[in-house]
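Worksheet: the structure to be examined is printed underneath.
The values are calculated or read from the model by the stated rules, or taken from the named source; none is laboratory data. Nothing here was measured: the structure is a model prediction, and the numbers come from that model. Quick reminder, even Gly has a Cβ in these numbers, built from the backbone with ideal geometry, and neighbours come from all protein chains shown. With ligands, DNA and RNA removed, areas are computed over all heavy atoms of the protein, side chains included. Shrake-Rupley method; radii C 1.70, N 1.55, O 1.52, S 1.80 Å.
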Amino acid sequence: MTTTITETHGVDPTPTPLALLLLGREADPNSERGVECPGDLPAASDPDLVDRARAAKAALGDRVFILGHHYQRDEVIEFADVTGDSFKLARDAAARPEAEYIVFCGVHFMAESADILTGDEQQVVLPDLAAGCSMADMATAEQVAECWDVLTDAGIADVTVPVSYMNSSADIKAFTGKHGGTICTSSNAQRALEWAFEQGQKVLFLPDQHLGRNTAVRDLGLSLDDCVLYNPHKPNGGLTAEQLRDAKMILWRGHCSVHGRFSVDSVNDVRERIPGVTVLVHPECKYEVVAAADMVGSTEYIIKALDAAEPGSKWAIGTELNLVRRLAKAHPDKEIVFLDRTVCFCSTMNRIDLPHLVWALESLVEGRVPNVITVDAETEKYAKAALDRMLALP
């Protein structure tokens, strides 16, 4: 199935002369390095799998609780008991202690968070272990420990508070907890940074530079000059001790491979094509894209904004394509288009397809528990401390 964006009907599954350029067939020199996806959305799975999924879920009953992230494909979302962003889903899992199995249709770091927040007797299953997150992988425990050594040598570690985005590994969350920091989501990043600056003079923000920069400058009133970019692949992060001492925000060089696709050219292009359009983007987008947009907000914010929008209004959405397509279908009275002409979905999120979900559910029915995600006790202790600090934020 070829997915296209039309100018008058939002997301349209029918090929048109405006068919989107498929990534992988042509390079985009304006996108961030490492920002890529394999092309069009995969074909729908065998319809017979729908009946098998229904049968397996019915056989398991209340023993299983299926979580579906907003970026999942429709055929997976159909079987989710709840949908949401990564943190909402982890909290929903924790609120269902009667479920023996939590099947997380998302990516690896999300399943880790669910394991941290659920009971010891519950098991978290990730249908495909290859479902990772390129952003989370941009910060390893070894790299972050080395960064902390650099901050120590510069004499600023004791006044620096780590704040880690929810989109990070359990190891990074544990580092954050061990060093007195907190976790944040795209919804509460401003409050998390305000709290951090109440505790110390500087913030080490991991692993998404764009969310950190956008929040610091747009919401807290800091300047771009207050921010420096720490590159873990360069000696001392590519920064001098003086640069580190002068900075208020030390941003990790990481980004989302989907939201990094959007550019100011995308914004200008859609404004020319659709007069009166409102451009709404996720704060994981680059600073210049966020500055050019009309509205900025988390995934949940985007959904609520479109739910409340006036019929006939026009929207260009800068976030993952599966969600944009779903929103366009849910709001036929509004014109909703993908911000970029280029197809770009979260390729790792899409590894959780219906075949993998059916395999996981049928395995549970047969008494086998596949792909269990388990965080070791030491890591869980400190990661939970960081998560608890976030939960305590007003």
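Observations on the structure shown:
- Within this structure, ILE116 fails the test of being open to solvent by 10 Å² or more (accessible area, probe 1.4 Å) and modelled with pLDDT under 95.
- Filtered by the rule that a residue be outside any helix (DSSP H, G or I), open to solvent by 20 Å² or more (accessible area, probe 1.4 Å) and touching a helix residue (DSSP H, G or I) at 6+ places or on another chain (Cβ under 9 Å), region 347-365 gives THR348, ASP353.
- Considering only residues in region 177-236 that are over 25 Å from ASP85 (Cβ atoms) and among the charged types (D, E, K, R), the one that is surrounded by the fewest Cβ atoms within 10 Å (Cβ to Cβ) turns out to be GLU198.
- Residue in region 324-334 that is in a helix (DSSP H, G or I), charged (D, E, K, R) and surrounded by fewer than 17 Cβ atoms within 10 Å (Cβ to Cβ) present: yes
- The one condition in (1) outside any helix (DSSP H, G or I); (2) modelled with pLDDT under 95; (3) not hydrophobic (A, V, I, L, M, F, W, C) that ARG368 fails to fulfil: (2)
- If the condition is being farther than 21 Å from SER186 by Cβ and among the acidic types (Asp, Glu), then region 128-170 contributes ASP128, GLU142, GLU146, ASP149, ASP153, ASP158.
- Condition met for ILE172 (part of a helix (DSSP H, G or I) and either in contact with a Ser or Thr (Cβ under 8 Å, 6 or more places away or on another chain) or not charged (D, E, K, R) (or both)): yes
- Complete set of residues in region 279-310 that are more than 16 Å from the chain's Cα centre (by Cα), closer than 24 Å to THR83 by Cβ and either of a type outside the set (Gly, Ala, Ser) or exposed (fewer than 15 other Cβ atoms within 10 Å of the Cβ) (or both): LEU280, MET295, LYS304, LEU306, ASP307, ALA308
- When region 148-164 is filtered for residues that are closer than 15 Å to LEU251 by Cα and assigned to a loop (DSSP other than H, G, I, E, B), only ILE156 remains.
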